Amino acid sequence: MKYVDEFRDGELARGIGAAIAREADPARHYAFMEFCGGHTHAISRYGVVDLLPANVRMIHGPGCPVCVLPVGRIDMAIRLAMERAVTICTYGDCLRVPASGGLSLLKARARLDKNRADIRMVYSAADALALAQREPQREVVFLAIGFETTTPPTALVLRQARALGLANFSVLCNHVLTPAAIRAILHAPAGAGADARVKLDGFVGPAHVSTVIGSRPYDFVAGQHHKPVVIAGFEPLDVMQSILMLVRQVNDGRAEIENEFTRAVTREGNLKAQALVDEVFTLRDSYEWRGLGSLPDSALRIRPEFAAWDAEAKFGLDYAPVPDHKSCECGTILRGEKRPADCKLFGTACTPETPMGSCMVSSEGACAAHYNYGRFRDIPVAAA
Amino acid sequence: MKTHYTRPLDLRSGRVDMNHGAGGRATAQLVAELFARAFDNPWLGQGDDGAVLPAPAPGERLVMATDGHVVSPLFFPGGDIGSLAVHGTVNDLAVMGARPLYLSASFILEEGYPLADLKRIVDSMAAASRAAGVPVVTGDTKVVEQGKGDGVFIATTGIGALPAERSPGGARARPGDVVLVSGSMGDHGMAILAVRESLAFDSEIRSDSAALHGLVEALYAALPAEAIRVLRDPTRGGLATTLNEIARQSGAGMRIEEAAVPVHPQVEAACELLGLDPLYLANEGKLIAVVAPESADAALAALRAHPLGSAAARIGTVVEDAHHFVQLATPLGGQRMLDWLSGEPLPRIC
């Protein structure tokens, strides 16, 4: 496939892999976190770790929208559908996230009277808006999730809904901010003593998120925390090239914000999208992230001017936090302190068919990626 | 003298109503004027409750398979629910090594469904049945109230004859055996998705829906029956899931070369767009064959010589593996698992 295969070329990959092996100092270890689920997926899907030397380790970060969505927020959506007879529209991965009472949106859907309420998968916020326009008697709530990439489309439908005076449409907003999560990881209190804290040597920076926010918001990572960041595209060669750039920064003792994804990311980002988001959303004082806890200024809420289309205001919803299953290690895995296989539920009680934690739900989640693509590495397999 | 004392079925603007399933005159008329006329064969023509069929040849065994079809949309590029209902069951028999002989068809119709569309489906089904040489010898029609069905559901059951020397089975793959596919993966699944999601491409993606028994016969003609270990048609769950089924049944692992698996560029592009993997998309006219290593070249040549196998490829080998993992070598040079499809909420595709 043109314009895609070029970024998956095996020969180039071996070349970059050889350069990483050549330049990585055998006397030390390198631990880099790829923040985005998209990178986690690319690394697992293409077997990138097989091309890295043993002393370069990739740690999966929390940049998977479904994975950081706390149970309490899914519960809100389920209650809306079951008790208030609304039709919830959301992205596919969200449907399977385990919620309270053994439910998920998918399981709740099976219990609904479809004449009144429903839970539907959509590919875009615009699909949810279109449904509300098409069926005025149906109360539609778009369960909006995601980082800065999916925020502008949500802002757009909110603006459209207001322009149209659409009375049967609202948004349950769960948009979260990448820099806040990176800050939380760098400040993370160690889970089980100081040793548990991850020693990160740098970050593979977000791809699509950075197209919107630009590279400037990561300055604090280098400035305050002296960690390098290399913004990288989602193709496997992008990831490999960024790892090589990180190794070079570490070797040189540099901590800079570098941009491998220059074909899409600028320093300032997409100013139009930023203005649109600013027009519709404002910072939330605090938002609970799964695995990272409640973080100040880490998420967006809908501005009061749009309150009529804000499901939280419209339906008077209150958030109630719900603790994760006590054996679930999603939290420590999302912070990079543990690997999926370290969790005793992994692959036994918790599988893609029966996910207990959110990291097992989305294919971008660290546990699902390891289960689906990498679990053979945990077990020695007889050679062919 | 009048030849008819009934008004003919209005196949242009009529609709299915509850009478058509009541078992009375309306049912009889629908059967006579639509189904019996389209499928026209002596067994169906007898009009009895079942078909009386000849016994198989000495030494042959009977194979029976059934398949329910609920695809949505009912018409799609490359086929419709009628042709799919024939191909689905014929292929289930074919990959057992059997020569498909007879089909039954059970129609569940929704009240209000246009008779003209039903006729298109039945005509397509009859054409597929004739092309495959497998007659529909018995059938049934039921009508459900509006809102209780989705236009048309069709369940087909098939009977085939299995020659004595043939015994392919999912448990027979052995380390060293070679894995072949008869052509590009994911065409049917993506054709359906493209219609459902209104995706427009420069050139249309067509379902690969086809009857595979001719291709299977070509394979048996080219190599010793014993060398054909496993035959499968990778329908729901795609190539990935089917390979895992074979690995589990055979108690072995597999090593697959991702770059060797044929995928149409349009399907690949559409998958890229939707975040899907073509190896998990359904096929309705493709064969997976696991064959003995010494017969692999002959098998590949036989597949390629047949119109339905012109893009056949050798994609990997069976290996010893206590965990029955299917491993994939990526074009990038890495390794990963090619796992079972896990609960993706994909729409009705067959």
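Bear in mind these aren't lab numbers, they're just calculated from the coordinates by the rules spelled out. The shown structure was predicted, so the numbers you read here are calculated from the model rather than taken from an experiment. A quick note on method: Cβ atoms are made from the backbone with ideal geometry, for glycine too, and the neighbour counts reach across all protein chains shown.
Please report the relative contact order for chain B, taking Cα pairs under 8 Å with a sequence separation of at least 6, and give it as a percent rounded to a whole number. Write out the running numbers ahead of the final one.
Values: 790 pairs, mean separation 76.0, N = 350.
Relative contact order here is 22 percent.
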Report summary line: Per its Cα gyration tensor (rounded if a/c is under 1.5, else prolate when a/b beats b/c, else oblate), region A:83-223 is best filed as oblate
Query raised in the report: Across region A:158-166, in residue order, what do the Karplus-derived ³J(HN,Hα) couplings come to in whole Hz, using 6.51 cos²θ - 1.76 cosθ + 1.60 with θ = phi - 60° and x for Gly and Pro?
Result: 5, 5, 5, 4, 5, 4, 7, x, 6
**Report entry** Members of A:114/A:326; B:119/B:142; A:107/A:326 lying beyond 26 Å, as alpha-carbon distances in this model show
**Finding:** A:114/A:326
Query raised in the report: Taking Cα atoms, how many degrees apart are the long axis of helix B:115-132 and the longest axis of chain B, rounded to 10 and kept between 0 and 90?
Result: 50
Report summary line: The distance between the Cα centres of region B:118-185 and region A:75-134, in whole Å, is 35
Report summary line: Between the Cα axis of helix B:296-305 and the main Cα principal axis of chain B, the angle (0 to 90°, nearest 10) is 40
Query raised in the report: Taking chain B as a Gaussian network, Cα atoms linked when under 10 Å apart, which of B:103, B:93, B:30 shows the biggest mean-square fluctuation?
Result: B:30
Query - Using θ = phi - 60° and Karplus 6.51 cos²θ - 1.76 cosθ + 1.60, couplings along region B:176-186 (whole Hz; Gly, Pro as x) - result: x, 4, 10, 9, 10, 10, 8, x, 5, 9, x
Report summary line: region A:279-355 and region A:15-49 have their Cα centres apart by a whole-number Å value of 28
Requested in this report: Could you work out how far the C-alpha centroid of region A:159-178 sits from that of region B:53-109, in angstrom?
Outcome: 49
Query - For q = 0.06, 0.12, 0.13 Å⁻¹, Debye-computed log10 I/I(0) when each Cα of chain A counts as one equal scatterer - result: -0.23, -0.93, -1.08
Report summary line: Relative contact order of chain A (C-alpha contacts under 8 Å, at least 6 apart) in percent is 21
Query raised in the report: How far, in degrees from 0 to 90, does helix A:236-252 lean away from the longest principal axis of the Cα atoms of chain A, to the nearest 10?
Result: 60
Query raised in the report: How far apart, in nm, are the 7 Å Cα→Cβ label points at residue B:273 and residue B:297?
Result: 4.2
Report task. Would you mind computing the Rg to Rh ratio of region A:330-374 from its alpha-carbon coordinates, Kirkwood style for Rh? Result -> 0.90
Report task. Could you please report the charge total around residue A:120, scoring K, R as +1 and D, E as -1 over all other residues with beta-carbon less than 9 angstrom from its beta-carbon? Result -> -1
Query raised in the report: Rounded to the nearest 500 deg cm²/dmol, what is the calculated helix-only ellipticity per residue at 222 nm for chain B, with -39500 (n - 2.57) per DSSP H run of length n ≥ 4?
Result: -8000 deg cm²/dmol
Query raised in the report: Leaving out same-chain residues fewer than 8 places away, which aspartates and glutamates sit with a Cα under 18 Å from that of residue A:338?
Result: A:34, A:195, A:201, A:324, A:329, A:364, A:378
